[in-house]
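Since every read-out is calculated from the coordinates, none of them should be taken as a lab result. This structure is a prediction, so every number in the text was calculated from the model and none was measured. Here Cβ is always computed from backbone atoms with ideal geometry, including for glycine, and neighbour counts include all displayed protein chains.
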Amino acid sequence: MRLTLTLILVSIFLRVGASNKVLEIGLFWGEEPSEITVQTGEGSYSVLGNGKELIQLKGGTILRVKNVNGLLHIRTLSEDLGTYYSLEINRNVWGSSLKIQRTGHKSTHEFHDNFSIKPYRGKLRIINEVYIEHYVAGVVESEAGSREPKEYYKVQSVICRTYALNNRRRHEAEGFQLCDKVHCQVYHRRSLSNPDIVKGTQETIGIVIVDSDIDLVNAAFHSNCGGYTCNSEDVWSGKLEYLRARVDENCLEENHSYWRYATTKSKWFDYLSVKHGYPVYEEEAAQEALQYCPDERDHFLNENGARVPFKQIRYDLGLLSAYFTIDHVQDSIILEGHGYGHGVGLCQEGAMNMAKQGESYADILHYYYKNVHLVNLSVIDFFRAN
């Protein structure tokens, strides 16, 4: 079935061609600067104030942009270019990149493609209008680091691309599509540290994950599942057929597979009683709260009684995951946990190990997402147009 659908979709792709998508990313979301300096990283740019060209930005030219009384004051190191209510910085050639440094910060962030800047509550609203594959490569580097095999970067590229397109209206009310923080996907800069990240992105160009209705999936992922992934409804409100729990031993020897949290018995019982109404004075319930060791990932403490969600305990106590055992040692309560993150969808450290062992990016994705298809964006455009 999968092979037949793939052949059909490849045929459609050859007739339709690849889609060219641009995303609008709000940079420095929640930490908007009031003043920045910009200069080219590669290529050159045209700078437009209120739609009128002001200067060509290339070479060593440095531009300062500052919010002054709700307007944008623009100048170079040697020339005042005036005050405007909007600014556009558009690339002149493909591959151009812009370096942005916020005043008062040492780090410089470099991004591809075009930019628009407007005044925003005494600060600057900076939007990167970026070709999706440039964006995906930047997200992959930010989310996965720079020391993984190329096959894993192909996995993360497909996930990031799918997630971005499925959530591209998340910040629509704010005038852009996605932010650069973990709220959407972490996007620190263009990819610079490992050529395999860009290669992995290019080798999966346009590929996304869809369900049997050719709808983009919720491509959820987390750092480490601790040996068991979760059903979507065990963590969130809705059941999704492609996000099913499974045993996954690929991540058990990795950095985030184990953690430990300690508190006192009195604080632990106070927390359970006050926050959740847990019957700490009932012998059976109290014993489970002191000694709990499940054979596999579970979802409630005292399943047949108080039913305290482990995911809520995780949130309340700031734990790395909702999968842990409970042990009572003298006056201490020790939570020994497994995994890092919500546990739904793809386990990153598990997928990294699978890639190191020679598994293909397609097989890895099918391992974590049940009954899905990998298709090119043009296929979705074709089906929606017919």
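Annotations for the structure displayed:
- Charge sum, other residues only, whose C-beta stays under 13 Å from Tyr228's C-beta, Lys/Arg counted +1 and Asp/Glu -1: -3
- The order of Glu254, Glu241, going from fewest to most other C-beta atoms within 10 Å of their C-beta, is Glu241, Glu254.
- Largest GNM mean-square fluctuation across Pro119, Pro33, Pro294, computed for the chain with C-alpha springs under 10 Å, falls on Pro294.
- Summarising the label geometry, the points placed 7 Å from Cα in the beta-carbon direction at Asn50 and Phe300 lie 6.5 nm from one another.
- Across the range 252-386, Cα-Cα pairs more than 24 Å apart make up 45 percent of the total.
- Of Lys181/Lys356; Lys52/Lys99; Lys21/Lys52, pairs whose Cα-Cα distance is over 31 Å: none
- Summary value for the chain: 17 percent relative contact order, contacts being C-alpha pairs under 8 angstrom separated by 6+ residues.
- One quarter of the convex hull surface built on the alpha carbon atoms of the chain amounts to 23.5 nm², the projected area averaged over directions.
- Net charge contributed by nearby residues that have their C-beta within less than 13 Å of Glu349 (K/R +1, D/E -1): -4
- Histogram of C-alpha separations across the range 185-330, 5 Å bin width, %: 2, 7, 13, 17, 15, 14, 12, 7, 5, 5, 3, 1, 0
- Hydrodynamic estimate: the Kirkwood radius of the range 22-130 over Cα pairs, inserted into Stokes-Einstein at 37 °C and 0.692 mPa s, corresponds to D of 241 µm²/s.
- Pairwise alpha-carbon distances in the range 109-193 exceed 15 Å for 59% of all pairs.
- Once the C-beta distance of Ser266 and Tyr315 is scaled by a Förster radius of 22 Å, the resulting FRET efficiency is 0.55 to the nearest 0.05.
- Set the Cα radius of gyration of the range 259-337 against 2.2 N^0.38 Å, with N its number of residues, and you get 0.97.
- At q = 0.12, 0.17, 0.18 Å⁻¹, base-10 log of I(q)/I(0) for the range 104-250 (Debye sum, equal scatterers on each alpha carbon): -0.58, -1.08, -1.17
- Helix 2-16 and the longest principal axis of the Cα set of the chain meet at an angle near 10°.
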